[in-house]
Amino acid sequence: CMHACMHAYTSLGPCMMSVPLVLINQERSQPFFSSVHTLLAEKQREREIAQTEKLYWENQFAHIQTSASRRTLQLGQIKMATSNLYRLLQRSSSASATPPVKQLEKIQHYIQDLQDITADHAQPSSP
């Protein structure tokens, strides 16, 4: 017990004989623990910020994927509609051999012809 008591008290001098060594060590370690606690809190805040950013970018990526899927579907529908219109104009099934731009040009000419015919019939006949 005496040996344990000797370790519990400092040997800094006769006036410090009654101050326990444990209290002195706590006073010395207090700034260390305070700085460790501050660092830990800072790292937790950084982690929370990183998680928030991660969620934001995951949402952005999901939005981009959804948008890309929707546009790809629309492009496919436009190509199918173009091919169907072209087949109707050609009265054959060779539409897949013709590039889509050429198909659209043919459709555009056909629509323009129809508009011209309609415009001619809509004008009153002059006697």
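Taken together, the values in this text are just the output of simple stated rules run on the coordinates, not laboratory data. Since the structure is predicted, the reported quantities are computational estimates derived from the model, not experimental observations. Note: ideal-geometry Cβ built from the backbone for every residue, glycine included; neighbour counts use all protein chains shown.
Before moving on, here are some points about what is shown:
- If you plug the beta carbon distance of H121 and L89 into 1/(1 + (r/R0)^6) with R0 = 22 Å, you get a FRET efficiency near 0.60.
- Linear extension gain, V101 paired with H63, 0.36 nm per residue minus alpha-carbon span: 10.7 nm
- Cross-link reach is defined here as a Cα-Cα straight distance under 24 Å, omitting same-chain residues fewer than 8 places apart; for K54 the lysines meeting it are K43.
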